[in-house]
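To start, the structure under review is shown below, and the notes come after it.
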Amino acid sequence: MTLSIPSQSTTMIIRFVASSLCLACVGIMCLETPTVASKPPAFVTAAAKRSNYRCPYGAFNKILFSGNNPDPKSDTPNADQIERNYFKSEQQNGTWNPFSLAVLKLGLTEPAYTSPLNYKKSPGTYKCANCGNPVFSSTAKYDSGSGWPSFWKTISSNRVSLKREWDGRIECSCANCGGHLGHVFPDGPTRGSLDKKELADVPETDPKIGYKVESPECDNGESEFSRMPRFCVNGVALRFEEK
């Protein structure tokens, strides 16, 4: 019996279908999963408001609420203590969202136009959802029309790591924890459409890959039609902190 080897196109189709099914399953699992920006579960806060509330799990109670109870002899945390510790735990341990972890750790890509951060216009800082490292500022965010949150520069030097992939794309990762953020492309906004003060403060470690249009009238030889890089980032890989 002779076994035929599938063609390259067939193999790519199989891989694509398998990746799509995996991504769909991960998305379904994370629908009810708390993210860094989420509030504590309602049942936890409600339970804490009861005067006779006692945590039945001593070890869990000690880990989650230790050092924050005003009465060291009491094991009854109030609602405010629960909320503070909930956020503190998430900030220390990164995100609990399995979809975010699939992007940060496995390099998967979220579907376009699905992230709320793609439509966010509030001033603030965008941090790595895994470690909290500040990577982008709202002043560098713009609507690229790609369906993913896009930025034309990082918040400061050495915040992200860049690596050329096998297909020629440039991967953008968190320089602190190595979490996958997205990719960088040369078709960012034109220099003429950007604020001159922000344009003069581009970090030295940002890639110099934007499309260039030379002009002898400009000091640096680049006209206003030259483009900046486009950092195309997965929204689930970011955590937004509003000013």
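The values are calculated or read from the model by the stated rules, or taken from the named source; none is laboratory data. Note that the structure is predicted; figures quoted are calculated from it, not measured. With ideal geometry, Cβ positions are generated from the backbone for all residues, glycine too; neighbour counts draw on all protein chains shown. Keep in mind that these areas ignore ligands, DNA and RNA; they rest on the heavy atoms of the full protein, side chains included. Shrake-Rupley method; radii C 1.70, N 1.55, O 1.52, S 1.80 Å.
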Please work out if residue 120 is among the basic types (Lys, Arg), surrounded by fewer than 18 Cβ atoms within 10 Å (Cβ to Cβ) and under 16 Å from residue 182 (Cβ atoms).
-> yes
Enumerated strands (runs of 3 or more DSSP E) restricted to the range 123-214, each holding at least 2 residues that are open to solvent by less than 40 Å² (accessible area, probe 1.4 Å) and touching a Gly at 6+ places or on another chain (Cβ under 7 Å) | 170-174
